[in-house]
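Comments concern the structure below.
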Amino acid sequence: MTAAGQPLHAKRKGSRAAGIDWVKVLAHIILLAGSVMFLMPFIYVLSTSLKTAGDVYTFPPEFIPDPFAWENYPDALTAMPFDVFFINTILLAVGRIAGLTLSCSLAGFAFAKLRWRGRNTLFFIVLLTLMIPTEVTLIPRYILFAKLGWVGSFAPLLVPGFFAENAFFVFLFRQFFMTMGQDLIDSARIDGCSFVGLFWRIIVPNAKPVFAVVAIYIIQNNWNSFLLPMIYLTDRAKYTLALGLRLFNEQYYSQTHLLMAASVFVVVPIVILFFFMQRYFIQGVVFTGSKG
Amino acid sequence: MSKLSRRDFLKGVAASGTVAGMGGLLTSLPLAAAQDVAQVTYATPGGAVEDAAWEPVWEAFNEENDAIQANYLAVGGGYGPQYLQLLQAQLAAGTGPDVFFVMDGFTVGFAARGVLVPIDSYVDANPDVDLEDNYPGHIAALRWQDQLWGLPRDGAPYATWFNADIYDEAGIDHPHGLTWDEYLEQAIALTDRDDRGRARVIGGGRGAWIDWIWQAGGDVLNEEGTACLMGEPEAIEGLRFAQSLVIEHECAPSASDLADQSEGALFTSGRMASFTIARGFLGAVCNTPFRFDAALPPAGAVRVGRTNVGPTVMSSDTADRDAAWELLKFINSSRGQTLKISSGYAYPSRRSVVQEDWYVNFTCGNAIGTGLNTVFNDIMENGWARTWPQHPRWPEISTVINSELDALYSGDKSAEAVGTEIAAQVNAILGAE
Amino acid sequence: MQIQNVFKPKRLSFWESLNAWIFVFPWILGFFLFTGGPILASLVISFTHWDIVNPPQWAGLTNYETMFSDPLFFQSLKVTTIYALVAVPLQIVVGLFIAILLNTKIRLIGLYRTLFYLPAVLPIVSVAVMWRWILSRDWGLVNWFLSLFGVYGPGWLSEPEWALPALILMSLWGVGAGMLIYLAGLQGIPTDLYEAAKVDGAGRWAQFLYVTLPMISPVILFQLVVGLIAAFQVFAQPFIMTQGGPQNATLFYLLHLFRNAFEFFRMGYASALSWVLFMYIAILTLLIFRFSAAWVFYEGEVRNE
């Protein structure tokens, strides 16, 4: 065990001069080895994205393309209006982040920190909605949205987001809020803070990491999910990136090389976003019971 | 990064929420359609390449039909699960496409549920359909209980594609019109495995199981579709031969070979000497660096091949059956198929298109012979092409069979045991009708 | 039951209750508008024969009775249960281990975090071929590694007894997403707790056991419950990698359910299957919550007792 949850940065800087910190070295070794393993899928996608159509099937795969097919990128990106797909994906992501973070965190707050009759029963019902496979609710739900006239628009994907439809996030917020010290809340209440104020001024600022995690999850989901978008967004002008990628997958003529090139284009923005966002949610926002 | 204040956050939430909500509402308004134009939608899995192939078809159709507007609904992803989900969700909500593609093998399942319009009366009333121009095998695949449930958008006869480089290197004659024994002999000679059993070259594909059964003189179901014949000696003979290729002679892909690569990928990557698949595979094989051609599949006790079709069917929910029929007819017509198949990969369902000069002379990549233009026609013209059994429970039956075949090809069970077990399980499904 | 804890109020404040109901009101409204209806519909459908396109026919308990004579129901239940029991704890341990490593302040840590998260955003379809190679009997990376120790590895995806372990192994590449939650959870641990532990002479391992683990236990509970629910609903991996084979060794519950619903047109039976799954997961979740009191530590809870 290198670092038992204890942030190594708690160590004083001066210790570095004393010699090599073997724990850090070990951490580096493990992380490096792990990185190689976890990077492999991406390297594979990257390398396939630069192969010619005929080289894609070579087995075992060769990681260095020969020849390099740089034209796959322009070919893939002009094969479909990826700019439109990109904007649609962003619009959906922004809308869902707005709706879900707000409604789910409020519900999570009520389940975690307020005292009221029916709380636990209701919370369990929230959890239960996670346990029914979408396969069997898919068609009733589709019929519902068809009756509402929403099929073909973003509405079936966006509107439920404002009603905390994602029980997973409600649960996540609840768990995080529950770890917050109660005295923090009690003292705010004694100071005459309203519940809304409590949520807004005490809970939200102290829970930035979990908000960031939820945002990342929503983006990731929005980037990858295709079943529901495919069913509701039948018009190409409303397609998302994940739906666009699927168009390279066909029965006889799967254009794997183009699929991979487009995949790189699709994945890179989210990776960059993650790289910058992780600083934000890792940054030690440490709330303590005694901080007041 | 962390300087995002709560006020900013709130503003962002409010603004984006409003935008998103408005967007949702605006886009949900139905587009006003011209009153006198019937809207007809055709649905298919589609994808980048197929979309482009359809483009000229819709263009021509819309130009020729002032009163009908053809729309195209395609979602990509091949014949994966999502197309079935989309299609059935739409059909359940009564918003299904008017004309659509169903995967071969599912047609009867849709027909039996009353989703499809039998089109016999339309065909009878429209002599210009020229049904006889479609190969009988392609029409047979759409007939069930004496009714016709659709027209083919294309056909898909199966033949044996071979890697001529591998054959020539081994000094073996190209495999035209072999018997089982000759095929086996070639496959053994061509197979090249190292001392650990790792395949550098595999002699030939496993082939579709049903072909071996038919070639041995057996069948899966009786004619009425009420009993399974997989326990009969002919069927077991077919299974035995298929198993011997994999287990005894190791000249067809083993379970572990197929876990690495599909037969198509094994062939296109130059690791398998031959395998049997539809003409549409040309699109993939054209990119390969080796020389190739197509040949007649091997013959057992019986010479028999197989064809699939691309079924085009009409939904019984459609608001305007006459308009839907016009689109369906056009997709099947010589003109429609010529426009669609201009890439030359797919195989038309109609003799007249197959005989057009551009198709007869079509070649691509390192194709060496004329096999790809003659063999498929031979199979269709000589009536060798049979079609998968038509049964409403076919998806279930084939799932049962595939799972048992795992045990056949792993050598865990004998052909007799597999045949008997399949018969028992399939009969149970048929009995439950 | 754990979820009934936190505090045992003697008197509930009307104002607090009202606020709470307002906060959860969006969910309630959403439940009545969008979520609840389809769920209820699937329950009703489970008592019918429904081919999706025609009106359902009342079937009473037939669908539930059918399950007892469906060997594939038991097979899929077995496969999925084994997967859940093995993969979920593995994912939790590996995810936590990586998160703790990634919570250190060393050079390039931002890059490391990004790399470990990367596989979680790559769709399984695009990396399926790579996995086929890694797990290949003859050419695979795993078996090459085993051969260094003189072990001849199996055909991971082609042999019935190894296909499920192979899918479990694959699932570990997705821990990057769960890792985020641990990382967020680790941020919530006050540093003064570590300082105090150090003053008491606790080493790193002791600090992990007595500070980190208890403080992060609510997050572990979350991962356990959510991981379990997700494990019972695995679909894409077996669908793409093995189609449920060989010999139904990877016939996951949802694969069986999907086939019945959309390929065999037996939505009634599929709905019944999903409600049995629902009961199964719900009972497991209840048990987890009931026994979680013993190991899950909520800071708020302690302060109020």
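Using just its DSSP H runs of length 4 or more, each adding -39500 (n - 2.57), chain A gives a mean residue ellipticity at 222 nm of -19000 deg cm²/dmol after division by all residues. Round to a whole angstrom and tell me the spacing of the C-alpha centers of the stretch A:55-128 and the stretch B:49-74. Using only Cα atoms to place each centre, the spacing works out to 33 Å. Estimated purely from DSSP H runs of n ≥ 4, each contributing -39500 (n - 2.57), the mean residue ellipticity at 222 nm for chain B is -13000 deg cm²/dmol once divided by its residues.
Take each residue of peptide C:48-54, count the partner chain Cβ atoms within 10 Å of its Cβ, and average: the result is 6. Diagonalising the gyration tensor over the Cα atoms of the stretch C:67-292 and scaling each eigenvalue by 5 before taking the square root yields semi-axes of 35, 24, 15 Å, largest first.
If you run the Gaussian network model on chain A, springs between alpha carbon atoms under 10 Å, then out of A:Val136, A:Val84, A:Val126 the most flexible one is A:Val136.
Binning the C-alpha pair distances of chain A at 10 Å intervals from 0 yields a P(r) profile of 5, 19, 24, 24, 18, 7, 2, 0 %, listed from the shortest bin outward. Modelled spin labels at A:Ile29 and B:Gln147, positioned 7 Å past Cα toward Cβ, are 7.4 nm from each other.
Can you give the log10 of the normalised intensity I(q)/I(0) at q = 0.16 Å⁻¹, computed with Debye over equal Cα scatterers of the stretch B:349-433? At q = 0.16 Å⁻¹ the computed log10 ratios are -0.78. Rg of the Cα atoms in chain B, relative to 2.2 N^0.38 Å, amounts to 1.12. State the Kirkwood hydrodynamic radius of the stretch A:54-150 in Å, one decimal place, computed from all pairs of distinct Cα atoms. Kirkwood hydrodynamic radius for the stretch A:54-150: 19.2 Å. Coupling constants for the stretch B:366-378 follow from the phi torsions by the Karplus curve (6.51 cos²θ - 1.76 cosθ + 1.60, θ = phi - 60°), and in residue order they are 9, 5, 9, x, 9, x, 5, 9, 10, 4, 5, 5, 4 Hz; glycine and proline get x. When cysteine pairs in chain B are screened for C-beta atoms closer than 4.7 angstrom, the residues that find no partner are B:Cys228, B:Cys251.
Every helix of 4 or more DSSP H residues in chain C counts as -39500 (n - 2.57), and over all residues that averages to -19500 deg cm²/dmol at 222 nm. Summarising the amide proton neighbourhood of B:Ala295: residues at separation of 5 or more, or on other chains, whose placed amide H is nearer than 5 Å comprise B:Thr160, B:Trp161, B:Phe162. Distances between placed amide hydrogens fall under 5 Å for B:Arg386 paired with B:Gly305, B:Arg306, B:Thr307, all partners being 5 or more residues away or on another chain.
Under a Gaussian network description of chain C, with springs only between Cα atoms under 10 Å, the residue in C:Val129, C:Val175, C:Val88 that fluctuates furthest is C:Val129. What do you get for Rg/Rh of the stretch C:14-63 when both radii come from the Cα atoms and Rh is the Kirkwood radius? Ratio of gyration radius to Kirkwood radius for the stretch C:14-63: 1.30. Counts of other chain beta carbons within 10 angstrom of each beta carbon in peptide C:265-276 average 4. With the biggest extent put first, the Cα atoms of the stretch B:199-303 measure 46, 29, 23 Å across the principal axes. What whole number of Å gives the distance from the Cα centroid of the stretch B:206-268 to the Cα centroid of the stretch A:179-217? Rounded to whole Å, the Cα centres lie 65 Å apart.
Between B:Glu237, B:Glu326, B:Glu248, the GNM of chain B built on Cα springs shorter than 10 angstrom shows B:Glu248 fluctuating the most. Take B:65-75, C:236-246, C:52-62 and order them by the average number of nearby Cβ atoms within 10 Å per residue, most first; the result is C:236-246, B:65-75, C:52-62.
If you take the square roots of the eigenvalues of the alpha-carbon gyration tensor of the stretch B:136-260 and sort them as a ≥ b ≥ c, do you get rounded (a/c under 1.5), prolate (a/b over b/c) or oblate?
Prolate, since a/c reaches 1.5 and a/b exceeds b/c.
Per-residue 3J(HN,Hα) values for the stretch B:215-225, derived from phi via the Karplus relation 6.51 cos²θ - 1.76 cosθ + 1.60 with θ = phi - 60°, read 5, 7, x, x, 7, 8, 10, 6, 4, 7, x Hz in sequence order (x marks Gly and Pro). The magnitude of the dipole of the protein assembly as shown, with charges of +1 and -1 set on the Cβ of Lys/Arg and Asp/Glu and taken from the Cα centre, is near 7020 debye. Starting from 0 in steps of 20 Å, tell me what percent of the Cα-Cα pairs of the protein assembly as shown lands in each bin. In order of increasing distance, the bins hold 12, 42, 34, 11, 1 percent.
How do C:Met215, B:Met314 stack up against each other in accessible area, from largest to smallest, with a 1.4 angstrom probe?
Largest accessible area first, the residues go C:Met215, B:Met314.
Calculation over all alpha carbon pairs of the stretch C:74-168 in 5 angstrom steps from 0 returns a P(r) of 2, 11, 14, 16, 20, 19, 12, 5, 1, 0, 0 percent. For the stretch B:158-175, backbone phi angles converted through the Karplus equation (6.51, -1.76, 1.60; θ = phi - 60°) give residue-by-residue couplings of 9, 9, 8, 7, 10, 8, 5, 4, 5, 4, 5, 4, 7, x, 10, 4, 4, x Hz, Gly and Pro being listed as x. Each residue of the stretch A:70-219 gets 164 Å³ once the volume of the Cα convex hull is shared out per residue.
Largest to smallest in accessible area, the residues C:Leu146, C:Leu228, C:Leu90, C:Leu40 fall in the order C:Leu40, C:Leu90, C:Leu146, C:Leu228 (1.4 Å probe, all protein chains included).
The values are calculated or read from the model by the stated rules, or taken from the named source; none is laboratory data. Since we're looking at a predicted model, the values are computed, not measured. All Cβ positions, even for glycine, are placed from backbone atoms using ideal geometry, and neighbour counts span all protein chains on display. All accessible areas refer to the heavy atoms of the entire protein, side chains included, with ligands and DNA or RNA removed. Shrake-Rupley method; radii C 1.70, N 1.55, O 1.52, S 1.80 Å.
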